[in-house]
1. Of all residues being assigned to a helix (DSSP H, G or I) and open to solvent by 20 Å² or more (accessible area, probe 1.4 Å) in the range 47-63, which is farthest from L113 (Cα to Cα)? Just the residue, please.
2. Kindly evaluate L72 against the criterion of being under 30 Å from G43 (Cβ atoms), of a type outside the set (K, R) and open to solvent by less than 40 Å² (accessible area, probe 1.4 Å).
3. May I ask you to list the residues in the range 124-169 that are open to solvent by less than 20 Å² (accessible area, probe 1.4 Å) and hydroxyl-bearing (S, T, Y)?
4. Scan the range 412-420 and give yes if some residue there is acidic (D, E) and open to solvent by less than 60 Å² (accessible area, probe 1.4 Å), otherwise no.
5. Looking only at the range 376-422, count how many residues are touching an Asp or Glu at 6+ places or on another chain (Cβ under 6 Å), in a loop (DSSP other than H, G, I, E, B) and within 20 Å of G286 (Cα to Cα).
6. Among the residues in the range 332-344, are any at pLDDT 80 or above, more than 35 Å from the chain's Cα centre (by Cα), part of a loop (DSSP other than H, G, I, E, B) and under 24 Å from T424 (Cβ atoms)?
7. Go through the range 197-211 and count every residue that is in a helix (DSSP H, G or I) and open to solvent by 80 Å² or more (accessible area, probe 1.4 Å).
Amino acid sequence: MNKKKIAQYIEQEKLFTLKDKILVTLSGGADSVALLHLLLDMGYTCEAAHCNFHLRGDESDRDETFVRQLCLQLEIPLHIRHFRTTEEATQRHISIEMAARELRYAWFEELRLKQRADVIAVAHHKDDSVETLLLNLIRGTGINGLLGIRPKNGNIVRPLLCIDRKEITEYLQEIGQPYITDSTNLQDEYTRNKIRLNLLPLMQEINPSVKESLLRTAKHLNDAALLYKRGIEEGKQKVQTGQGILIQALLEEPAPETLLFEILSPLGFNGTQIKDIFASLNGQPGKIFLSKEWRVIKDRTLLLIAPICSADSSTILSPDDGALPFQLTMEERELTNDFVIPRDRNTACFDADKLESLTVRRCRQGDSFIPFGMTGRKKVSDYLTDRKFSLSRKEQQWVLCSGNHIIWLIGERTDNRFRIDENTRRIIIVKFIP
């Protein structure tokens, strides 16, 4: 192992100095074990942190035992935290992988502050960076997703990005240091492992130096990203107001859809939603788009942006918009056992996870829905006839739509498909104010 190369990389990227205390994240795998050994050999002051997520049965406890013995042998402090990862993922409705990531990084930072460490060192290396780049490319990404893994992100540092997996295992063989092999890393189960075990070997058949080529491309893109970021910030200043986005100013930008993506993606809107929002810019006002915590409303001259309040109702559209002769308010909240569904006609409750973008419009000829409590489709005109509505009253009926589906004859009846059921976790309450 060329320790001089790693030392030069640490200095070049200004990751830390010999005066700093380093908190090393130690899983017991080859990468983290090599990182700890290398930093200690190079004279750095280190402490180790290990997470037991209890996701792999006896293997999780085996890993903990291994890192305990290693740190005793190396005579360095070891900190261990046990997590109820599956329960956390279920409670928060996120994947187990996402839950584990958020839990460990939150604890690492908490521990860093408690132990007065300067940085948190993680053992990502060249191959990880290549795999991340390809993973982002496959999923679809902006320019930042094509930069690979960065050497420093706040208090997180990655000193091994200058070497690859082969160099790491050869170093451990040289010093006679065993390590733990996670059985899931040998299974062709997750997307990253499919890239590692299948895709990259195929790419190397075409170009044996494909890893180096991808990393060089990422390095070139880093400079492009700096210019890109400056252009995006300048564009944001031109189009954003306190209420939202000036539609005409946005459309006059050189790449309006890209600028819209950079404004809305941090608010939780995905690429498909942002395409739909962009497509709505030349349409009629009234379309509503929801992420988990934010709402975008297509007004006449603005894209109105506001948080979805969990405690207080927030206006969807009001008479001042010149689009509706009434007001709708919306509230999103977690479904609790003590929640009672209101029975008045002016309040509608829906399963939030069943909804797409919301639109308010007048009913049209041929409209149909599945009335709450029923299983068969019924024409809106027939429903209103059954309610003994006059022709003029029928023409004044407004509907709330999710995508192309009517979910509520406003002030009348909701659609059965969007009802709250035993699987509902989040609800949206919409109130009609005449």
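1. Going through the qualifying residues, I end up with D58.
2. No: the conditions fail for L72.
3. Scanning the range 124-169 gives a single hit, S129.
4. Yes; the residues of the range 412-420 include at least one that is acidic (D, E) and open to solvent by less than 60 Å² (accessible area, probe 1.4 Å).
5. Going through the range 376-422 one residue at a time, the tally reaches 1.
6. Yes.
7. Result for the range 197-211: 3.
Per-residue answers, yes or no, for (1) of a type outside the set (V, I, T); (2) open to solvent by 40 Å² or more (accessible area, probe 1.4 Å); (3) in contact (Cβ under 8 Å) with a residue 40 or more places away in the chain:
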residue	(1), (2), (3)
Y383	yes, no, no
C401	yes, no, yes
I407	no, no, yes
I429	no, no, yes
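The values are calculated or read from the model by the stated rules, or taken from the named source; none is laboratory data. These numbers were taken from a predicted model, which means no experiment stands behind them. We place every Cβ from the backbone using ideal geometry, glycine too, and count neighbours over all the protein chains shown. Ligands, DNA and RNA are excluded from the accessible area calculation, which covers all protein heavy atoms including side chains. Shrake-Rupley method; radii C 1.70, N 1.55, O 1.52, S 1.80 Å.
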